[in-house]
Amino acid sequence: MGSIIRHSPSTIAFALSIGALFLLAHPYTGIRHDAILYTAQALYNANPGHFARDLFFEFGSQDDWTIYGRLYSKLVSAFGIRASNLVCLIAFQALWWSGMWRLARKLLNPPWCWLCLSLIACMPSEYGALSVFSYDELLLTARLPAEALSIWALTLTLERRPRMAVAFGLLATALHPLIGATGLAIAMLSVLQRVNWWALFAFVLSIFAVIELPPFHALHVHPFDPDWLAIARYNLPLLFPTLWNVTAWSDACWAIALPVALFATRTQEHRALWSNLALLAVAGLGISTAAALTAQDALWIQMQTWRTLWMPALMQWPAAILLIRREARSRPLLIWLLAICWLLLDAGGGMLALLIAIALHVDARRQSAHVASALFGTPPPYLRYVLICGTLIAALIWLKYQSIYYFVRALYPTGSIAFNVKPIEALIHTRLAVVVVAVLAALNLSRHRISILALSLFLAAMFAYGLVNFDQRSVPMATVEADADRPDLAPFRAQVPPGSMVYWDGAPGEVVYPWLMMKAASYYSPEQAGGIIFHRRTTFEAARRFAWIRQDPLAGRPDDDDHPNGSSPTFFMRRPFPPLTRGGVNHACTDPLLDFVVTSRNYPDLSTHHQWSPDGDAQYWLYDCRHIRASTFEPIRQVGTLPASNARPAVLAGGGT
């Protein structure tokens with residue numbers, strides 16, 4: 001009993017520290033990014049007729065492959081958008097963190113499990129290319145519950161409850177096939193332990209690579225045509241690992257390197273777990289890379305098997321702590337080299353870490369099971385000075401990259417911030433957050449009265465700053481959450497009947513106005529084009545509509561010398577084009593599909609004189625395209641029809657599911 005009492009204050013302090021770190025690193029930005037798509041899918045399931053002609057749903061959407069939209073539509077219909085979003089977000093976060101807490105306790109003893117959770121709570125969580133996808137997002141999408149169930153599946157696997165693990169994995173896959181399949185695969189691999197999965201994967205990947213070559217065109221499930229491929233490669237380079245930049249590949253290699261290093265030691269506890277994690281990451285990335293190299297079959301690009309990286313990216317934190325605890329004394333050089341690799345992660349350090357892990361694995365296989373390997377043992381004195389200099393240089397490079405990342409974040413904010421202290425923002429939204437974790441860990445483990453007082457003050461300051469800046473919603477997000485469930489406040493509700501096609505000419509993200517408030521079909525937006533890789537007809541229709549709006553059949557078309565690479569920006573990172581001119585409104589309305597245009601510019605001879613304002617400052621005017629088409633007598637100037645067979649690529653949105 002005395003032991004429990006003695007450790008309780010430290011446990012409470014660690015729990016408060018994790019809460020403060022999470023609060024700082026996860027501000028609430030509302031129904032944003034892919035949360036918009038999933039909310040629209042729920043509305044579509046509730047009222048298909050309203051969105052039948054919408055670009056995102058007309059030819060099928062990602063919602064066809066998941067049960068999430070159907071389940072979520074029941075909640076939205078019963079309780080409204082705002083309540084459903086908040087309740088589900090809180091519930092899924094609780095499911096996610098309860099599973100992560102249980103998993104951390106299974107792998108690590110206190111206080112190491114608390115340190116692991118602290119790192120997960122605040123460290124950057126991106127995986128894949130261009131930092132588009134992250135684990136544990138504070139957004140309500142199907143990814144969040146699928147991740148939570150996959151974490152529980154992994155935990156149940158370690159607890160030797162395979163049936164429950166498989167059940168959780170199946171449910172996760174039903175909610176989000178791309179994310180949940182990772183948890184299901186972990187559970188299945190643990191059940192079928194006797195199969196040599198590494199050898200089987202090498203054989204299957206070889207066969208797959210041969211089949212994907214051009215001569216085997218008849219074996220391709222969903223063949224690319226040159227125009228569709230050109231659009232996808234130019235606008236969605238993140239889906240093609242061959243177009244990733246060095247940083248993206250370095251992050252991927254780092255996520256693979258730590259499990260490889262762990263299962264290299266035969267005495268390592270849970271060695272099968274780390275082997276399976278490494279196998280899934282290598283398999284997912286290998287299949288995607290082979291498919292991208294051949295660029296013949298759209299199916300394997302659509303499947304995005306590289307997304308298996310999300311779980312190794314999450315598990316890097318318990319893996320790193322385990323490596324430090326188990327190898328710091330016997331292999332100090334290994335830990336030192338991996339630390340330098342982490343500092344150089346943005347400059348390719350992950351690739352070097354993977355080479356080190358492979359060397360460790362090869363050495364472990366070469367040595368007898370009863371002979372300890374001396375590889376990466378204690379460094380000689382002359383090497384220590386080299387490592388010290390290398391560490392200092394790597395630290396300077398690390399600091400440079402963190403400042404660059406914060407600068408980019410400031411250029412493309414996710415919302416509004418009430419009390420912006422730039423040094424603090426840089427400290428909590430980059431890998432510099434490791435400094436905050438280190439300070440909190442030191443204060444938590446110290447028993448000095450001054451440390452206890454300092455910890456209390458530090459936590460109070462963190463909670464205060466986090467609470468003040470927690471609500472970082474933009475104007476569209478705040479407007480939607482406040483008014484989306486009130487039909488009387490919908491923009492132009494008396495003028496735009498249900499099922500109309502509306503083009504909302506506004507900033508990226510303002511598709512929430514026609515979708516979530518007007519409950520109307522949208523003509524075009526970057527968010528709608530986020531899934532162009534999944535449907536060929538959606539791709540070319542999005543290209544046609546974008547070119548029509550821009551009045552340029554070659555809008556965004558890459559030049560012959562323009563070869564996309566990992567640094568090529570996707571559409572949502574570009575500056576939005578200015579509002580439509582009078583001629584632009586007139587021309588947009590010549591498309592017979594379009595019923596209404598809403599824009600922030602008023603042209604009295606064209607507009608209906610109906611206006612709407614979300615916040616009292618911005619004003620939007622409504623244009624009735626049917627009236628404009630009926631009143632104009634001049635011939636329609638064809639700007640470019642972009643037929644589906646030989647369309648020229650337009651700039652579309654980056655995105656996913």
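The values are calculated or read from the model by the stated rules, or taken from the named source; none is laboratory data. All figures in this text were calculated on a predicted structure; none of them were measured in a lab. Ideal geometry is used to build each Cβ from the backbone, glycine not excepted, and the neighbour counts take in all protein chains shown. Keep in mind that these areas ignore ligands, DNA and RNA; they rest on the heavy atoms of the full protein, side chains included. Shrake-Rupley method; radii C 1.70, N 1.55, O 1.52, S 1.80 Å.
How much of the pair distance distribution for segment 146-217 lies past 14 Å, counting alpha-carbon pairs only, in percent? The share of Cα pairs beyond 14 Å in segment 146-217 comes to 62 percent.
Quick one: Cα convex hull volume of segment 38-151, Å³ per residue?
Looking at segment 38-151, the number lands at 121 Å³ per residue.
Geometric descriptor of segment 34-82, per residue, is 68 Å³ (volume of the convex hull of the Cα atoms).
Using a 1.4 angstrom probe on heavy atoms only, work out the carbon and sulfur share of the accessible area of the chain in %. Write out the running numbers ahead of the final one.
Values: 18530 of 28620 Å².
Roughly 65 percent of what the probe reaches on the chain is carbon or sulfur.
The Cα-based radius of gyration and maximum Cα-Cα distance (Dmax) for the chain are 26.5, 90 Å. For segment 331-346, putting each phi into the Karplus relation 6.51 cos²θ - 1.76 cosθ + 1.60 with θ = phi - 60° gives couplings of 9, x, 5, 4, 5, 5, 5, 5, 5, 5, 4, 5, 5, 9, 4, 6 Hz, in residue order, rounded to whole numbers and with x for Gly and Pro.
Counting heavy atoms of the protein chains alone, His609 has an accessible area of about 130 Å² for a 1.4 Å probe. Accessible area per residue (1.4 Å probe, heavy atoms of protein chains only) ranks His535, His610 as His610, His535, with the largest value leading. Annotation: extensible slack from Phe79 through Leu392 equals 107.1 nm (criterion: 0.36 nm per residue apart, minus Cα-Cα distance). The residues Lys400, Lys519, sorted by heavy-atom accessible surface at 1.4 Å with ligands and nucleic acids left out, run Lys400, Lys519 from largest to smallest.
If Rh is defined by the Kirkwood formula over all Cα pairs and Rg also comes from Cα, what ratio Rg/Rh do you get for segment 236-360? Please report the intermediate quantities before stating the final value.
Working: Rg = 15.0 Å, Rh = 14.9 Å.
Rounded to two decimals, Rg/Rh equals 1.01.
Applying D = kT/(6 pi eta Rh) to segment 357-460, where Rh is the Kirkwood radius over alpha-carbon pairs, T corresponds to 10 °C and eta to 1.306 mPa s, the Stokes-Einstein value obtained is 87 µm²/s.
Taking 7 Å steps out from each Cα toward its Cβ at Leu554 and Arg537 produces label points 3.0 nm apart.
Relative to the longest principal axis of the Cα atoms of the chain, the long axis of helix 162-175 lies at roughly 30 degrees.
For segment 117-239, just say rounded, prolate or oblate: build the C-alpha gyration tensor, square-root its eigenvalues into a ≥ b ≥ c, call rounded for a/c under 1.5, and beyond that prolate if a/b exceeds b/c, oblate if not.
Numbers: a/c = 2.30, a/b = 1.29, b/c = 1.79.
Here segment 117-239 falls in the oblate category.
Between Val204 and Thr608, the FRET efficiency estimated from the beta carbon spacing at R0 = 51 angstrom works out to 0.25.
Given a Förster radius of 56 Å and the C-beta distance between Val421 and Arg194 as r, what FRET efficiency does 1/(1 + (r/R0)^6) yield to the nearest 0.05?
Values: r = 56 Å, r/R0 = 1.01.
Step by step, r from the Cβ atoms, then E = 0.50.
In a DSSP loop and with at most 15 other Cβ atoms within 10 Å, the trypsin sites (Lys or Arg not before Pro) in segment 229-330 are Arg266, Arg329. Subtracting the Cα-Cα distance of Leu445 and Leu399 from their residue separation scaled by 0.36 nm leaves 13.9 nm. Short-range pairs are left out: with C-alpha atoms under 8 Å and at least six residues apart, the relative contact order of segment 1-145 is 37 percent. Partnerless cysteines in the chain, where a partner means another cysteine C-beta under 4.7 angstrom, comprise Cys88, Cys113, Cys116, Cys122, Cys253, Cys341, Cys389.
Determine the distance separating the Cα centre of segment 193-269 from the Cα centre of segment 405-458; give it in Å without decimals. Taking the Cα centre of each part, segment 193-269 and segment 405-458 sit 36 Å apart. Placing unit charges on the Cβ atoms only, positive for Lys and Arg and negative for Asp and Glu, gives the chain a dipole magnitude near 2300 debye about its Cα centre. Measuring only protein heavy atoms, the 1.4 Å probe finds Met164 accessible over about 80 Å².
Given the chain, what percent of its DSSP beta bridges are antiparallel, to the nearest 5?
Working: 9 of 16 bridges.
Among the beta bridges of the chain, antiparallel pairing accounts for roughly 55 percent.
Once both labels are positioned 7 Å from their Cα atoms along Cα-to-Cβ, the gap between Asp225 and Asn47 label points is 3.6 nm.
To the nearest 10, the accessible area of His222 is 60 Å² with a 1.4 Å probe. Of the listed residues Tyr412, Tyr603, Tyr385, the order by accessible area with a 1.4 Å probe, largest first, is Tyr385, Tyr412, Tyr603. Distance between the pseudo-spin-label points of Arg161 and Ser98 (7 Å out from Cα toward the beta carbon): 1.1 nm. Listed values for segment 273-280 are Karplus-derived 3J(HN,Hα) couplings in whole Hz (6.51 cos²θ - 1.76 cosθ + 1.60, θ = phi - 60°), namely 4, 5, 5, 5, 4, 5, 4, 4, and x replaces Gly and Pro. Highest mean first, the peptides 38-47, 193-202 sorted by other C-beta atoms within 10 Å per residue fall in the order 38-47, 193-202.
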